[in-house]
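Below is one structure; the comments refer to it alone.
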Amino acid sequence: MRAAPVTTRQNRRFGILAIGLVSMIALAGCQAAEPEASGDPVSGGTLTYASGDAEPTCLDPHVGGNYPQALIAGQFLESLVSRDASGEIIPWLADSWEVSSDGLVWDFTLRDDVTFTDGTPFDAEAVKVNVEHLQDPATQSSTGYLALGKVEQVEVVDDLEARFVLSTPDSALLESLSQPWTAIQSPAGIARGMEENCQAPVGTGPFIVDEWVKQDHISLVRNDDYSSPPADAEHDGPAYLEGIEWRFVPDSASRYAALQGGQVDVIDNPQPDTIAAAEQGDAFKWIDAPRPGASNRIELNSGQAPFDDERVREAFVRAVDVNDGIEALFFGTAERSYSALSSVEALAYSDESLFETDLDRANELLDEAGWTERDAEGYRVRDGARLTLRFPVSTNQSIPAEQSLFEQVQATAKDAGFEVVIELLDLSGWYGALFAHEYEIVSAPYTKVGPDVLRIVYHSDSITPAPSGYFANLSQLNDPAVDALLTEAAATSDPDARAELYEQAQQIILGGYYLLPLYDQQNSFLLSTKVQGARAISTVSTPSFYDAWLAG
Amino acid sequence: MSELELRQTTVEASAEHPPTRRRDRLPRIGTLLAAAFVLFLAAATCFPGLVATQDPNQIAAAEAFRLPSLEHWFGTDESGRDVYSRVVAGTGTSLLIGVTATGIGLALGLALGVLASFGGRALDFSVSRLVEVLFAFPGLLLALLVIVIYGPGPVTATIAVGLSTAPGYARIIRGQLVSIRSAQFVESARVLGHSPARILTRHIVPNALVPIFVLATLGIGQAIVWASALSYLGLGAQPPAAEWGAMLAAGRTYLAGAWWMTVFPGLMIVGTTIATTVLGRALARRGRMHS
Amino acid sequence: MTRGSPADPRGQRRGRTIRHAGLLVAGAVFVMWAVATLTFFAIRLIPGDPAQAILGGPGSQASQEALDQVRRDYGLDQPLIVQYLAMLGRLLTGDLGTSYALKVPVADLLGAQLGGTLLLALLSLVLAWILALGLSLWSTGRGRIATAVGEGIELTAAALPHFWLAAVLIAIFSSGLGWLPPVATGTAAGLVLPVVTLAVPLAGFLAQVMRESLLDAMQQPFVVSAQARGESTTGVRLRHTVRHAALPGISLSGWALGWLLSGAVVVETIFAMPGLGRTLLQAVTLRDIPVVTGVVLLISLVYVLMTVLTDVSSRIADPRLRQEANR
């Protein structure tokens, strides 16, 4: 915010550049040069974390499976594998793995020194129980259930050897298993039943759920017998912190004020203006950890008029100008994306030329498509119907800056004659609008590790709704060529061939103007400078406080 | 949600005061200022294009978060829009929300109040219980339910606020009518042999209307405030509509760096409340002096 | 307010009091029943399937079997009237049901939240009273300027939206001066900002009411004669008029508490306090019907109890009302 009084655009650009530089230095500082900067880690102390995400209704991420659950589950549950900063899958609870030549049988060799915090040993039987738990309809799993959709069964070869038998080859299996929604819990814990397991799931992680005071906080205490850090952790043995107090503070201004006042040590979901302000001082550190999977994008509903006509879709994409808005509203904390995938995905394909704003071209295309007349308010009409785009916006998912950006989309689209009707809705109402196909454009995040997210979001199978009405292919892209490419990519284990298939698919998706990419799915943490060694895990970018400690 | 309930005593008390004492309690200059402000509101409502300096919805991302200046009297918002022009453009919507919601509340309240005070004991008892039921429902919950059922937007927000103020009005109006019914001048009219209809139209209604009018002027500002709370929860006016409450809610995010985004719409709400109240009281005084 | 005739014989009065008490209780029971009924049917109007809410809320991808199972388990496949009677039956036995989203008994959930919200509301009520009394005592009957200033402050205070006042207070006292924490449950310091946020607009309203009563009281013969006896103005105000100013306020306290609970929805969200308001907002968002019903019933109960209490206490404070109630 304090950056506001700059006078010219050049100055603003410079300011943003400076912020960017400072943040890069800061990031470099907290990632690479950690130990030398702040001395040796000290044990003890309780870290207070303030989360702006919704309070989970169940702490077991197998049940349902959303991001708020993943955020906290990462502190007490662990997965078979993880992903390092370069995108490589690395060992965690599984030491190593091997896949059969037909891609249908995966053998995982497990660590032999791990026990759950209730004393149950971690073994192949536990893995089997967890997969069965995820696939049991009574668990009500959604995210984890879908991720393991190709796993037919798990066989216990011996104590430390678990064999996954698949129905079709799945090149995304390791990525799916790295997510917190498929994390491994104690079979004894699961056996307690859903009500109890939701209150305090039992895992192998560095912390243990001690108490959950609804709408206030969750107390986590250190697991003193901890022995299973992922391959990219900085140290062995128990965590440095004695515990974490995980608080729920829904209001972003209160959250930031609490960080400023020292009542909390870490906050998530900071507003862009507060990140920029924090970056200018040296009181806070910023961890910028975009989520994997799809980028934040506006999907164009090609399943019905007017966007069943590619010319109208291209006209919209050409008419809308978001670059200035992203710069101003996000204070340089978000970079414009030209891809369907998050920038953390190595296989993301970008094409900036497709998204250059060109109002003349937009007008031309709309004239060609028959939207030639304009009414008194300047909106285009055809056969007496106005060129109206209904835009349901979820107030739970879109931060104020994003809502403002959508207002700018609305204003710039008007120049070409589009009437954009923004409807701010709560989550239930928003899903209701989508299920009823009452939208022409919509922005919906989708977090998943790896490029397989493309299959979920753009395969024509995802147009068919689940019994609840849910469907993930919101652009309603229905192209057999895309389907074939995505299905083949998901079954291809050769990395180069897989990359080639995903690139071809993305070219068709982007080239058909089914979406307008905006930026990565923003995911940020602000930390007090006394917090050292905290990082975001490179799977779904949840924070890890295993290596964290509190300096003086 | 019906602060107006609080006014019951205010209004009853003021109805009994001799006009002269009330008269010198407010300086006349205040009345003039209030009238001027209401004139400005009327101009902004009827001719927003003449009063505004710029297009209220003109986006200019590069001009975002400008301090108030000669070019932008009230500064600019996060999308570079002119806050003064948006405040002007929002006058109509905001007043419409305030006036309509108050109107809905008053109409319902009047119906219930008349039923309760003239319908005999049994009807009085049941209507009073009904009003209590509505009262026991927290106002914001009533509003939330209406919005969740019928979808968000200015119309539902207005209806929701109107509905939730109705029980308050009903109570006040009932109390008002009951006390007038037994007042001395009504008794004397009855003794003089006037017909009940004439007593109602000539004596009771005019004497009840004045305080109700005062209530209404107070209600407008309150309705706008409550509508803004719905905007804060993301359930009020839809963008890009420049409604004061929505502007207040949107600007709150940037309070630390851009105070002008909330202070000016906030001042308009406060100003409207004070101006309508002052004018309402002044008019009520005149009404009493003539009757 | 009507002035009643002189006191009736005692027996008659006791009979009236008993009858009045009976009416009060019957009225309270009726209100609770009607609130439960209204809530039950109003919530059914909300678009969306309760079975979805049970299976992980909006956006869940529950299977058809899971949905059918849940509909059977929760009796959602029964006719509406059967569901309604079942709910009434459960309520009569004191069973509020189980939360759809959190899968815990509603009574436990609300029991844990009630204390915090009541404390917040009561403290705000007390502070609002103090502020209002102070302002109206200071500004009433001291000339036009004091009156204008007083009324200006009252009207401004009453026109402040909670969410905005809260943001300003946090910006000044937490971010700016660092005196008070914006979020700190269970500590006295953490309660200051939320209580002030709720109290200030309410004080604006109360002060307006009190000013009128004060003006009334100051015209009363006993005040005039006290002044004639040479007592100081302040002394007269404190000794004779405050009680009169307070009277109408007492009868409004039941109402004010309901008003504060509405405000608590916003205030508890901003200051991250556990409480009924936040529970209610979350339950409406998640379509958690048993929790919404539970919160509404609980708030109604508090309201009804407050109404009875204020009725009784104003009758004790002002004998004239005993007549009025039986009019």
Pairs needed: first member in the range A:208-221, more than 14 Å from chain C (Cβ to nearest Cβ); second member anywhere, assigned to a strand (DSSP E or B) and among the basic types (Lys, Arg); C-beta distance under 9 Å; at least 6 residues apart or different chains. A:Ile208/A:Arg222
Look through the range A:384-407, keep the residues that are out of contact with any Pro (no Cβ under 6 Å at 6 or more places or on another chain) and facing another protein chain (nearest Cβ under 8 Å), and return whichever of them is farthest from A:Trp371 (Cα to Cα). A:Asn396
Name every residue in the range B:178-212 that is within 30 Å of C:Ala256 (Cα to Cα) and either in contact with a Gly (Cβ under 6 Å, 6 or more places away or on another chain) or among the small types (Gly, Ala, Ser) (or both), in order of residue number. B:Ser179, B:Ser182, B:Ala183, B:Ala208, B:Val210
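Within the range A:408-420, is there a residue that is without any contact (Cβ under 8 Å) to a residue 12 or more places away in the chain, within 30 Å of B:Leu255 (Cα to Cα) and within 14 Å of chain B (Cβ to nearest Cβ)? Give the steps one after another, and end with the answer.
Initial filter on the range A:408-420 (without any contact (Cβ under 8 Å) to a residue 12 or more places away in the chain): A:411.
Those left that are additionally within 30 Å of B:Leu255 (Cα to Cα): A:411.
Remaining after also requiring within 14 Å of chain B (Cβ to nearest Cβ): A:411.
Scanning the range A:408-420, I find at least one residue that is without any contact (Cβ under 8 Å) to a residue 12 or more places away in the chain, within 30 Å of B:Leu255 (Cα to Cα) and within 14 Å of chain B (Cβ to nearest Cβ), so the answer is yes.
Is it true that A:Thr204 is among the β-branched types (Val, Ile, Thr), part of a loop (DSSP other than H, G, I, E, B) and surrounded by fewer than 16 Cβ atoms within 10 Å (Cβ to Cβ)? Spell out the reasoning first.
Working: among the β-branched types (Val, Ile, Thr): yes; part of a loop (DSSP other than H, G, I, E, B): yes; surrounded by fewer than 16 Cβ atoms within 10 Å (Cβ to Cβ): no.
When the stated conditions are applied, A:Thr204 does not pass them.
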Looking at B:Gly257, is it facing another protein chain (nearest Cβ under 7 Å) and touching a Lys or Arg at 6+ places or on another chain (Cβ under 8 Å)? yes
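Sort out for me the helices (runs of 4 or more DSSP H) sitting completely within the range B:137-235 that have 3 or more residues that are over 23 Å from the mean Cα position of the chain (by Cα) and within 27 Å of C:Val209 (Cβ to Cβ). Spell out the reasoning first.
Working: elements: B:139-150, B:154-181, B:184-191, B:205-232.
Counting at least 3 such residues, we get B:154-181, B:184-191.
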If we keep only residues of the range C:150-207 that are in a helix (DSSP H, G or I), facing another protein chain (nearest Cβ under 10 Å) and hydroxyl-bearing (Ser, Thr, Tyr), then the residue nearest to B:Gly245 (Cα to Cα) is C:Thr156
Set A:Glu245, A:Glu234: member being more than 30 Å from A:Lys128 (Cβ to Cβ), acidic (Asp, Glu) and part of a loop (DSSP other than H, G, I, E, B): A:Glu234
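Which of the helices (runs of 4 or more DSSP H) contained wholly in the range C:1-113 include at least 1 residues that are over 30 Å from A:Gly65 (Cα atoms) and at pLDDT below 75? Even if it seems obvious, please write down each step before you answer.
On the way: elements: C:10-44, C:50-54, C:64-73, C:80-92.
Ranges flagged: C:10-44.
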Within the range A:134-149, track down each residue that is at the interface with chain C (Cβ under 10 Å from one of its Cβ atoms) and touching a residue at least 60 places away in the same chain (Cβ under 8 Å). A:Thr139, A:Gln140, A:Ser141, A:Ser142, A:Thr143, A:Tyr145, A:Leu146
Given the criteria of a type in the set (Ser, Thr, Tyr) and either modelled with pLDDT of 90 or more or in a helix (DSSP H, G or I) (or both), does A:Ser462 qualify? yes
Tell me, please, whether a residue that is crowded, with 24+ Cβ neighbours inside 10 Å, part of a loop (DSSP other than H, G, I, E, B) and either in contact (Cβ under 8 Å) with a residue 40 or more places away in the chain or within 14 Å of chain B (Cβ to nearest Cβ) (or both) can be found in the range A:307-314. no
Would you pick out the residues in the range A:254-282 that are surrounded by fewer than 24 Cβ atoms within 10 Å (Cβ to Cβ) and either of a type in the set (A, V, I, L, M) or not in a helix (DSSP H, G or I) (or both)? A:Gly261, A:Gly262, A:Gln263, A:Asp268, A:Asn269, A:Ala277, A:Ala278, A:Gly281, A:Asp282
Name the one entry in A:Thr115, A:Thr120, A:Thr139 that is more than 21 Å from A:Gly293 (Cβ to Cβ) and in contact with a Gly (Cβ under 8 Å, 6 or more places away or on another chain). A:Thr120
Do the conditions hold for B:Leu112, that is, is it within 21 Å of the chain's Cα centre (by Cα), in contact (Cβ under 8 Å) with a residue 24 or more places away in the chain, more than 12 Å from every other protein chain (Cβ to nearest Cβ) and on the phi < 0 side of the Ramachandran plot? yes
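Is it true that A:Ala328 is crowded, with 24+ Cβ neighbours inside 10 Å and more than 15 Å from A:Pro290 (Cα to Cα)? Write out each step before concluding.
Numbers: crowded, with 24+ Cβ neighbours inside 10 Å: yes; more than 15 Å from A:Pro290 (Cα to Cα): yes.
Judged against the criteria, A:Ala328 is a match.
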Residues in the range A:492-500: is at least one more than 23 Å from A:Phe355 (Cβ to Cβ) and surrounded by 18 or more Cβ atoms within 10 Å (Cβ to Cβ)? yes
Can you confirm whether the range C:135-148 contains a residue that is hydrophobic (A, V, I, L, M, F, W, C) and at the interface with another protein chain (Cβ under 7 Å from one of its Cβ atoms)? yes
Being farther than 17 Å from A:Leu77 by Cβ and at pLDDT below 95 is the filter here; which residues of the range A:112-141 pass it? A:Asp112, A:Asp113, A:Gln135, A:Asp136, A:Pro137, A:Ala138, A:Gln140
Could you list, in sequence order, the residues of the range C:159-188 that are at pLDDT 85 or above and either among the hydroxyl-bearing types (Ser, Thr, Tyr) or over 20 Å from C:Glu268 (Cβ atoms) (or both)? C:Ile172
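Give the residue, chosen from C:Ala112, C:Ala132, that is surrounded by fewer than 21 Cβ atoms within 10 Å (Cβ to Cβ) and within 11 Å of another protein chain (Cβ to nearest Cβ). If you could, list the steps in order and put the result at the bottom.
Numbers: C:Ala132 fails: surrounded by fewer than 21 Cβ atoms within 10 Å (Cβ to Cβ).
Just a single option satisfies the conditions, and that option is C:Ala112.
If you go through the range C:260-285 one residue at a time, how many are more than 7 Å from every other protein chain (Cβ to nearest Cβ) and crowded, with 24+ Cβ neighbours inside 10 Å?
Initial filter on the range C:260-285 (more than 7 Å from every other protein chain (Cβ to nearest Cβ)): C:260, C:263-264, C:267-268, C:273, C:275-277, C:281-283.
Applying the additional criterion that residues be crowded, with 24+ Cβ neighbours inside 10 Å yields C:260, C:263-264, C:267-268, C:273, C:275-277, C:283.
Going through the range C:260-285 one residue at a time, the tally reaches 10.
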Quick check on my filter: what residues within the range A:405-438 are among the hydroxyl-bearing types (Ser, Thr, Tyr) and within 21 Å of the chain's Cα centre (by Cα)? A:Ser428, A:Tyr431
So for the range A:168-181 (the condition being assigned to a helix (DSSP H, G or I), away from every other protein chain (no Cβ under 14 Å), among the polar types (S, T, N, Q) and within 29 Å of A:Ser541 (Cβ to Cβ)), does at least one residue qualify? yes
Per the filter on the range B:200-226, residues crowded, with 18+ Cβ neighbours inside 10 Å, β-branched (Val, Ile, Thr) and farther than 30 Å from B:Gly153 by Cβ are B:Ile204, B:Val210, B:Val214
Kindly indicate whether A:Val157 is more than 14 Å from chain C (Cβ to nearest Cβ), in contact with a helix residue (DSSP H, G or I) (Cβ under 7 Å, 6 or more places away or on another chain), surrounded by fewer than 19 Cβ atoms within 10 Å (Cβ to Cβ) and on the phi < 0 side of the Ramachandran plot. yes
What about B:Pro167, is it away from every other protein chain (no Cβ under 11 Å), crowded, with 16+ Cβ neighbours inside 10 Å and touching an Asp or Glu at 6+ places or on another chain (Cβ under 9 Å)? no
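The values are calculated or read from the model by the stated rules, or taken from the named source; none is laboratory data. These numbers were taken from a predicted model, which means no experiment stands behind them. Because the Cβ atoms are built from the backbone with ideal geometry, glycine has one as well, and the counts that use them run over all protein chains shown.
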